[in-house]
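Just so it is clear, none of the values below were taken in a lab; they were calculated from the coordinates. This one's a predicted model, so the numbers in the text were calculated from it and none came from an experiment. With ideal geometry, Cβ positions are generated from the backbone for all residues, glycine too; neighbour counts draw on all protein chains shown.
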Amino acid sequence: MTAACGSSPGSTTATTAAAPAMAVIPAAQRSPAGIPGKEPTVVVPAGQPPSALEYADLITGRGAAATARDTVTVQYVGYSWTNRKMFQASWTTGNGAPISFSLAGVIQGWSEGLVGMKVGGRRELFIPPSLAYGASPPVGSGIPANDTLIFIVDLIKIG
């Protein structure tokens, strides 16, 4: 499991299959949709980060929808809202292959934010510190303490 989406000691995970309530990222703050299967361009919005989980389906998938108990295979990129820098991307780590993990074993922003996403889709997430790493980000991750994280995730498969 990678540092960007692994759970932290203080994080909890969703335990129901229902999609949690999330706010939609305003259109003016979204990153461009890009090309499915290619590393996306992330735009960190100006101003203050949101205090709650926000999402936008940049590309709507047509396959099955993820539940909180699923194991998923994804490609992703993660950015820091504070320093506006990428801290990790599956496209550039190791051999650039997608990664698989259980949504029950990642930061709460992922376990809540990917529920309901459909295979073939691309979703952007704005994850506040309370649903990410809070004051204790992984050592050496490049994530500042109490940072809002931005992820763009391509859902490759479920199971």
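Details
- Residue 84 being in contact with a helix residue (DSSP H, G or I) (Cβ under 7 Å, 6 or more places away or on another chain) and surrounded by fewer than 18 Cβ atoms within 10 Å (Cβ to Cβ): no
- When residues of region 123-137 are limited to those that are of a type in the set (A, V, I, L, M, F, W, C) and part of a loop (DSSP other than H, G, I, E, B), the one nearest to the chain's Cα centre (by Cα): 132
- Filter result (within 18 Å of residue 37 (Cα to Cα), in a loop (DSSP other than H, G, I, E, B) and touching a residue at least 40 places away in the same chain (Cβ under 8 Å)) within region 93-122: 93, 98, 114, 117, 119, 120, 121
- Verdict on residue 100 being polar (S, T, N, Q), closer than 20 Å to residue 119 by Cα and crowded, with 18+ Cβ neighbours inside 10 Å: no
- So residue 89, is it out of contact with any strand residue (DSSP E or B) (no Cβ under 9 Å at 6 or more places or on another chain) and crowded, with 16+ Cβ neighbours inside 10 Å: no
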